[in-house]
1. Where does the range 163-251 land on Rg(C-alpha)/(2.2 N^0.38 Å)?
2. Output the direction-averaged projected area (hull surface divided by four) of the convex hull of the alpha-carbon atoms of the range 40-179, in nm².
3. Let me know the shape class of the range 178-322, please: from the alpha-carbon gyration tensor, a ≥ b ≥ c as square roots of the eigenvalues, rounded when a/c is under 1.5, otherwise prolate if a/b is greater than b/c, or oblate.
4. Send over the semi-axes of the chain's equivalent ellipsoid, whole angstrom and largest first, taken as the square roots of 5 times the C-alpha gyration tensor eigenvalues.
5. Stick to Cα atoms and the Kirkwood definition of Rh, then tell me Rg/Rh for the range 336-377.
6. For the peptides 281-287, 393-399, what is the packing order when you average, over each peptide's residues, the other Cβ atoms within 10 Å and list the highest mean first?
7. Find how much the distance from residue 233 to residue 160 grows on full extension, using 0.36 nm per residue of separation minus their present alpha carbon separation; answer in nm with one decimal.
8. How do 118-128, 238-248 rank on mean C-beta neighbours within 10 Å, highest first?
Ligand SMILES: OC[C@@H]1[C@@H](O)[C@H](O)[C@@H](O)c2nc(CNc3ccccc3)cn21
């Protein structure tokens with residue numbers, strides 16, 4: 001049975017998502033300061049083919065065209081992020097030209113009846129703050145609060161949906177433990193401290209939001225991965241529960257319950273990791289929704305020879321170009337788990353796939369992406385019909401863009417970006433989406 005838009009409630013929002021560093025380019029224009037990703041991507045060896053976001057999709061100059069495409073597809077909403085380095089200068093003063101860009105972007109969206117969903121932080125920390133300690137510094141929460149307040153004052157009259165942070169797990173664990181994201185540190189103690197300061201920053205921003213945008217909604221977006229035991233062994237099950245707490249619970253429990261998950265806390269302490277628990281009252285300031293970035297599952301196997309006693313197993317399901325298993329069931333499972341544990345409304349703020357997209361005669365036949373999206377739409381609808389207060393779904397992503405350490409080698413867009421010409425081509429998935437949204 002072919003899925004139809006009308007199978008979903010009328011109030012259900014369909015959108016697309018992007019982030020500033022991945023699409024804007026213009027990294028040295030109009031007084032923009034550098035971010036940790038500008039520096040990290042210019043260090044040889046960090047990014048595939050030594051690529052960087054200097055130009056990306058040149059969205060800074062082409063945003064009207066990109067918004068016209070969003071409108072042409074019939075989407076309800078557009079999730080994008082503000083580049084902190086573009087709007088706050090090193091001396092702490094606001095950058096009027098940077099703010100003007102986002103004002104024009106928001107106004108254009110509203111002209112086209114597209115609901116703006118704004119992410120305050122999608123990984124591009126101003127490098128001048130990193131030099132003062134960045135997320136490792138206790139003071140970062142106050143810098144983030146002041147930045148958030150500035151943006152709320154600037155856009156809060158027209159933007160009513162806000163996300164403080166995109167995936168604090170990635171910022172802390174990929175950036176400070178695994179070292180594969182900016183700023184490239186490899187220290188678990190630092191990662192846990194950064195995670196805590198990210199949550200503190202989130203809490204202070206929520207406090208400022210309540211004072212400035214009285215009629216708005218604010219949440220946080222986490223990567224949500226379905227964690228399953230690799231085999232039926234009890235130890236695999238136990239470590240799967242632990243990993244679920246380490247990557248999922250760690251960034252949800254403090255915000256709703258005001259405490260870190262117990263097993264994960266005990267596990268980290270056994271490895272001598274210091275746990276911070278100050279400011280839990282601030283961290284657990286009420287929010288209006290959780291954003292859910294869902295892509296895949298993780299299979300965990302007990303592995304005593306490994307330092308942390310477990311390892312991740314690559315499963316046997318069909319995979320995307322990121323080597324992530326395609327597992328729509330995991331979306332349903334996690335939507336149910338999150339909603340019935342935290343009782344907060346949910347938005348799927350990212351879901352999508354990287355595919356072997358080839359442009360031939362101005363056509364990209366990405367039928368695999370149509371199938372992926374339809375399968376995940378069906379799981380989202382199943383969750384809604386099973387009582388989950390799921391209010392929307394944002395496809396990652398609008399157009400192919402800078403995919404972090406993968407550079408431009410991975411294409412997630414429903415629009416094909418020709419980086420040589422900066423031309424945008426609607427993939428078959430975009431044409432399918434337009435048809436889906438039209439009925
Ligand atoms: O990789 C695709 C997107 C990326 O472009 C977005 O900027 C970012 O928000 C994003 N987060 C995920 C999920 N993160 C993840 C991290 C480790 C393992 C599996 C997924 C995927 N994506």
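We did not get these values from a lab; they are worked out from the coordinates using the rules stated. On a predicted model such as this, the values are computed, not experimentally measured, just so you know. Every residue, glycine as well, gets a Cβ built from its backbone with ideal geometry; the counts of neighbours run over all protein chains shown.
1. 1.30
2. For the range 40-179, the mean projected area of the Cα convex hull comes to 9.5 nm².
3. Prolate is the answer for the range 178-322, as a/c is 1.5 or above and a/b outweighs b/c.
4. Three semi-axes, in Å: 30, 27, 22.
5. Here Rg/Rh amounts to 1.21.
6. Top of the packing list down: 393-399, 281-287.
7. Length gained between residue 233 and residue 160: 21.6 nm.
8. 118-128, 238-248
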